[in-house]
1. Would you mind stating whether K159 is out of contact with any Cys (no Cβ under 7 Å at 6 or more places or on another chain), exposed (fewer than 10 other Cβ atoms within 10 Å of the Cβ) and either free of Cβ contacts under 8 Å to residues at least 60 places away in the same chain or of a type in the set (G, A, S) (or both)?
2. Which count do you get for residues in the stretch 37-94 that are of a type outside the set (V, I, T), crowded, with 22+ Cβ neighbours inside 10 Å, in contact with a helix residue (DSSP H, G or I) (Cβ under 7 Å, 6 or more places away or on another chain) and over 25 Å from K155 (Cβ atoms)?
3. Here is a check on your reading of the model: is S142 exposed (fewer than 10 other Cβ atoms within 10 Å of the Cβ), small (G, A, S), more than 30 Å from F19 (Cβ to Cβ) and out of contact with any Ser or Thr (no Cβ under 7 Å at 6 or more places or on another chain)?
4. In this structure, is K5 charged (D, E, K, R), touching a residue at least 12 places away in the same chain (Cβ under 8 Å) and surrounded by fewer than 19 Cβ atoms within 10 Å (Cβ to Cβ)?
5. Of all residues in the stretch 139-168, which are of a type in the set (S, T, N, Q) and in a helix (DSSP H, G or I)?
6. Could you please find all residues in the stretch 124-139 being free of Cβ contacts under 8 Å to residues at least 12 places away in the same chain and either of a type outside the set (A, V, I, L, M) or in contact with a Ser or Thr (Cβ under 7 Å, 6 or more places away or on another chain) (or both)?
7. Report yes if some residue within the stretch 12-27 is among the β-branched types (V, I, T), within 21 Å of E136 (Cα to Cα) and out of contact with any Cys (no Cβ under 9 Å at 6 or more places or on another chain); otherwise report no.
8. Determine which member of the set V80, V115, V47, V55 is under 25 Å from T15 (Cβ atoms) and in a strand (DSSP E or B).
Amino acid sequence: MVEAKYCKESFVVKTSNVFPPDTNYHGTMFGGKLMAYIDDVASIAAVRHSRSPVVTASTDSVDFLHPIQEGSSVCLEAFVTYTGRSSMEVFVKVIAENLYTGERHICALSFLTFVALDENGKPKPVPKVIPKSEEEKMLHESGKERAENRKRRKKENEKMASKFSIALPWEV
């Protein structure tokens, strides 16, 4: 059995400037760019927790709560909130800051699931999580329900995918 770890042991912070190439014609950060940052910090948190290679198994919806303006900084915080046998749920909070005024907004929240892999690329057991702070406890307590929702959604998507053709248009 793998020894349990505190949430804070997987905690990751990434802060970046939002430059013009990072933005759309509205002057706000590209959603895809932010999603790449989210996957990046979440994967680091998962590796810190499992101390092994990981793969992204799912990304729950990413709700963009507030635009991130060019010239702002964007800060992402991530940590493992809940685990299964080989899977880890990672919570990511995105905060934008106007560096001139100090005004800050939570701009996005996301949950991602990663699977730890052994040396043969097969799923391997991961440590359980020990939540300490109120935020960690709240996220941990609701983690099982989110995991069940993900499993249900995956089955629905697998069923839907079986209905689609994979033939190229000129082959139909």
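Taken together, the values in this text are just the output of simple stated rules run on the coordinates, not laboratory data. Everything quoted here is computed from the prediction, not taken from an experiment. All Cβ positions, glycine included, derive from the backbone under ideal geometry; neighbour counts span all protein chains shown.
1. In short, yes.
2. 5
3. Numbers: exposed (fewer than 10 other Cβ atoms within 10 Å of the Cβ): no; small (G, A, S): yes; more than 30 Å from F19 (Cβ to Cβ): yes; out of contact with any Ser or Thr (no Cβ under 7 Å at 6 or more places or on another chain): yes.
Against the criterion (exposed (fewer than 10 other Cβ atoms within 10 Å of the Cβ), small (G, A, S), more than 30 Å from F19 (Cβ to Cβ) and out of contact with any Ser or Thr (no Cβ under 7 Å at 6 or more places or on another chain)), S142 does not qualify.
4. Considered against the rule, which asks whether it is charged (D, E, K, R), touching a residue at least 12 places away in the same chain (Cβ under 8 Å) and surrounded by fewer than 19 Cβ atoms within 10 Å (Cβ to Cβ), K5 comes out as no.
5. N149, N157
6. At the first step, the residues of the stretch 124-139 found to be free of Cβ contacts under 8 Å to residues at least 12 places away in the same chain are 134-135, 137-138.
Passing the criteria: E134, E135, K137.
7. Our first condition is that a residue be among the β-branched types (V, I, T); within the stretch 12-27, this holds for 12-13, 15, 18, 23.
With within 21 Å of E136 (Cα to Cα) added as a condition, the list becomes 12-13.
Subsequent filtering for residues that are out of contact with any Cys (no Cβ under 9 Å at 6 or more places or on another chain) retains 12.
The answer is yes, given that some residue of the stretch 12-27 is among the β-branched types (V, I, T), within 21 Å of E136 (Cα to Cα) and out of contact with any Cys (no Cβ under 9 Å at 6 or more places or on another chain).
8. V80
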